[in-house]
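Input: a single structure, listed below in structure tokens.
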């Protein structure tokens, strides 16, 4: 009996077998490549204890008064922990610090950068500046800076993000960091470290933030340093 007759009689189609086998193989390879290892650098309950209450000439004062991501369902999915602190100084401006941590970063769920939460709170942003900040480590710390202004308040902002063991400086670089980790079978964690001061003096405010960031890194124990800046 010919192949055409077999198909006409409702029998198996060799091409269908080949196509089905190829699809099964592709599905198996996709399943095998799915990331399964959670690469979390911050153990549960450790983030708040990682950062000391005294940093250089600043001392912890309060946990309120910061601009925060909108408290919606997405934020609850994104973040396991958020730590908010204001540090006061006798000779420098008070510095506000936000640590926002998510233990699992994926293509769909990644930590929000401050360029999202400030406009959501009614601020207008300046252009963002990328720079490398010397903090006494093996490499300069890649950070972003901008000014946020509303009708009643102005803040100078400096921040960095850590995805797994990388410090991506842009949203695109952040997504690539997640993809690279996934290709190695890892589900990376993610941390936002945001520092800000309430002032309209751009240069003066950013100078304060640079000094605080350097003092922050210098004050960290080795394990805490790894949590905040990985191998930098």
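In the stretch 120-143, how many are in contact with a helix residue (DSSP H, G or I) (Cβ under 8 Å, 6 or more places away or on another chain), in a strand (DSSP E or B) and surrounded by fewer than 20 Cβ atoms within 10 Å (Cβ to Cβ)? The total comes to 2.
Residue count for the stretch 143-155 under the criterion of being free of Cβ contacts under 8 Å to residues at least 60 places away in the same chain and closer than 19 Å to residue 100 by Cα: the result is 2. Here is the figure for the stretch 222-232: residues that are surrounded by fewer than 17 Cβ atoms within 10 Å (Cβ to Cβ) and in contact (Cβ under 8 Å) with a residue 12 or more places away in the chain total 3. Kindly evaluate residue 208 against the criterion of being assigned to a loop (DSSP other than H, G, I, E, B), assigned by TED's automatic domain parsing to the domain that holds residue 68 and over 19 Å from residue 80 (Cα atoms). Spelling it out, it is not the case that residue 208 is assigned to a loop (DSSP other than H, G, I, E, B), assigned by TED's automatic domain parsing to the domain that holds residue 68 and over 19 Å from residue 80 (Cα atoms).
Can you spot a residue in the stretch 156-168 that is outside any loop (DSSP other than H, G, I, E, B), out of contact with any strand residue (DSSP E or B) (no Cβ under 6 Å at 6 or more places or on another chain) and touching a residue at least 40 places away in the same chain (Cβ under 8 Å)? So far as the stretch 156-168 goes, yes, one or more of its residues are outside any loop (DSSP other than H, G, I, E, B), out of contact with any strand residue (DSSP E or B) (no Cβ under 6 Å at 6 or more places or on another chain) and touching a residue at least 40 places away in the same chain (Cβ under 8 Å). Restricting attention to the stretch 184-204, which residues are at pLDDT below 95 and in a loop (DSSP other than H, G, I, E, B)? Those that are at pLDDT below 95 and in a loop (DSSP other than H, G, I, E, B): 184, 185, 189.
The values are calculated or read from the model by the stated rules, or taken from the named source; none is laboratory data. Keep in mind that what you see is a predicted model, and the values were worked out from it rather than measured. Using ideal geometry, Cβ is built from the backbone for each residue, glycine included, and neighbour counts are taken over all protein chains shown.
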